[in-house]
Amino acid sequence: MKVFIMTDIEGVAGVVSHEQHSYPTGKYYEDSKKLLTGEVNAAVDGLLAAGVEKVLVADGHGPGAICFELLHPKALLLHGRPITRQQLLNPMWEYDAVVMIGQHARAGTADGNQSHTQDSLRVDWMELNGHPVGETLQLALWAGWKGVPVIFVGGDAAACREAEEDVPGITTAVVKWGIGTNCEISRSAQASCALINERIQLAVEKHKADPVGPIRWEPPYALTIRWLATHDADNAEHQSDCERVDAKTVQYRSDNLIDVLCGRHRG
C-alpha cells in the first residue's frame, strides 16, 4: 500500500495565528514548521506501523512549511515553489490513499481556527454546485476523480467535523479546538503526535477491512468564488473566461471537474 500525505500548517497543534504562525513573515513561523514536521513524522511512523510500504509527503502550505532536515528518513518529499496543480495531482493519483495533516476548516467557519479556503487574504467563500467547499473536499474530489480515497484528516475540531460530513467513512484526529480566528485550545505537541500516530493506524486498518470510497460527483460542475474585494473579481474575470455573478463573485462552469477546480471555464 502506498499513501500520499497532503500537508497544511493552520491545523497543526500550537499554530494559532495567521500573522504570527502561518505567514512566512510571522515571528513564530520557523517554530510552526517544526511543529508541522513533527506531526507529519508521527503520521509516517503510524503508516509504516500499519504496513504501508511507501509514503510521499506533499509540502502543501503556500510558501512551503516542511523542515527538510527534520523529515522522517523513510518519507519522500514533494516540494518546491511554484508547484502547479498538475504537478501535485499526477503523483497523488499514483497512490492508493490520501491522508491530510495540519488541516483547517473552510472559510466562514465560526469555530475554525484560521479557517479559510485557498487564499486567506482574498477569498470570502467558495461553493461547488451550491455546496460549501473547503480545501478538504476539494482534495477529496481531486483524488476521487482518479479513484483515490481520502482516508484520514488531522487538524482542528472544525476541520475534522467538516471532513466527516464531506467524506463518509473517514477517520479523524482532533489536535486542537478553535475558539476564535486566532485563538485555540491545543493538545501538547507530544500528545498531538501520539494521537495522530494512533488514529492514522486505525484509519489504515479500517480502510483495509472496509474501504473508504473515493468521492465522486456527477457533472455538470459550477464553482462559485466570492472574493473579499471587487478588484479580485475583476482580475479573475480578466484572466479567465469565468462568468461574473456580481461585484465580488465569479463562477466557473464545466463538465470537467478538474477544469472548474483549477479555475478554468468551459461554458
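Put a plus charge on the Cβ of each Lys and Arg, a minus charge on the Cβ of each Asp and Glu, and nothing anywhere else: the dipole of the chain about its Cα centre is then about 400 debye. Over the chain, DSSP H runs of length four or greater, each weighted -39,500 (n - 2.57), average out per residue to a 222 nm ellipticity of -10000 deg cm²/dmol.
Using alpha carbons only, how many degrees (0 to 90, rounded to 10) separate the axis of helix 29-49 from the longest principal axis of the chain? Helix 29-49 and the main axis of the chain meet at about 60 degrees. Semi-axis lengths, largest first, of the ellipsoid equivalent to region 221-261 are 18, 9, 8 Å, with √(5λ) applied to each eigenvalue of the Cα gyration tensor. Rounded to the nearest 10 degrees, the angle from helix 189-209 to the longest Cα principal axis of the chain is 80 degrees. Segment residue 198..residue 259, full-extension length gain: 18.3 nm, with 0.36 nm per residue of separation and the alpha-carbon distance subtracted. Specify the inter-centroid distance of region 85-130 and region 192-267, based on alpha-carbon positions, in whole Å. Their Cα centres are 7 Å away from one another.
Each peptide in 221-229, 80-88 receives the mean, over its residues, of other Cβ atoms within 10 Å, and ordering these scores from highest gives 221-229, 80-88. Computed from phi, the 3J(HN,Hα) profile of region 143-150 under the Karplus parametrisation 6.51, -1.76, 1.60 (θ = phi - 60°) reads 5, x, 4, 10, x, 9, x, 9 Hz, with x in place of Gly and Pro.
Segment residue 84..residue 237, full-extension length gain: 53.0 nm, with 0.36 nm per residue of separation and the alpha-carbon distance subtracted.
Taking N as the residue count of region 99-238, its C-alpha radius of gyration divided by 2.2 N^0.38 Å amounts to 1.12. A full extension of the chain between residue 183 and residue 129 corresponds to an added length of 16.2 nm, given 0.36 nm per residue minus the alpha carbon distance. Computed over the chain, the P(r) tail beyond 26 angstrom holds 38 percent of alpha carbon pairs.
The alpha carbons of region 42-109 give a radius of gyration and a Dmax of 13.0, 38 Å, in that order.
Each of 252, 236, 224 was placed along the dipole of region 221-261 (beta-carbon charges, centred on the mean Cα), and the one lying farthest toward the positive end is 224.
In region 75-172, the inverse of the mean reciprocal separation of distinct Cα atoms equals 14.1 Å; this is its Kirkwood hydrodynamic radius. Here region 143-267 is assigned +1 on the Cβ of each Lys and Arg and -1 on the Cβ of each Asp and Glu. Its dipole about the Cα centre then comes out at about 280 debye. Measuring against 26 Å, Cα to Cα, the residue pairs 33/208; 54/206; 27/176; 176/248; 34/248 contain 33/208; 176/248; 34/248 as the ones spanning a longer distance. Computed over the alpha carbons of region 1-101, Rg followed by Dmax gives 13.3, 39 Å. The modelled label-to-label distance for the pair residue 246/residue 118, using points 7 Å beyond Cα in the direction of Cβ, is 1.9 nm.
Note: relative contact order over region 221-261, using C-alpha pairs below 8 Å and six or more positions apart, is 48 percent. Given R0 = 35 Å, the distance between the Cβ atoms of residue 110 and residue 218 translates into a calculated FRET efficiency of 0.65.
Throughout, read-outs are computed from the coordinates displayed, never taken from laboratory work. Note that this is a predicted model, so its numbers are computed, not measured. Every residue, glycine as well, gets a Cβ built from its backbone with ideal geometry; the counts of neighbours run over all protein chains shown.
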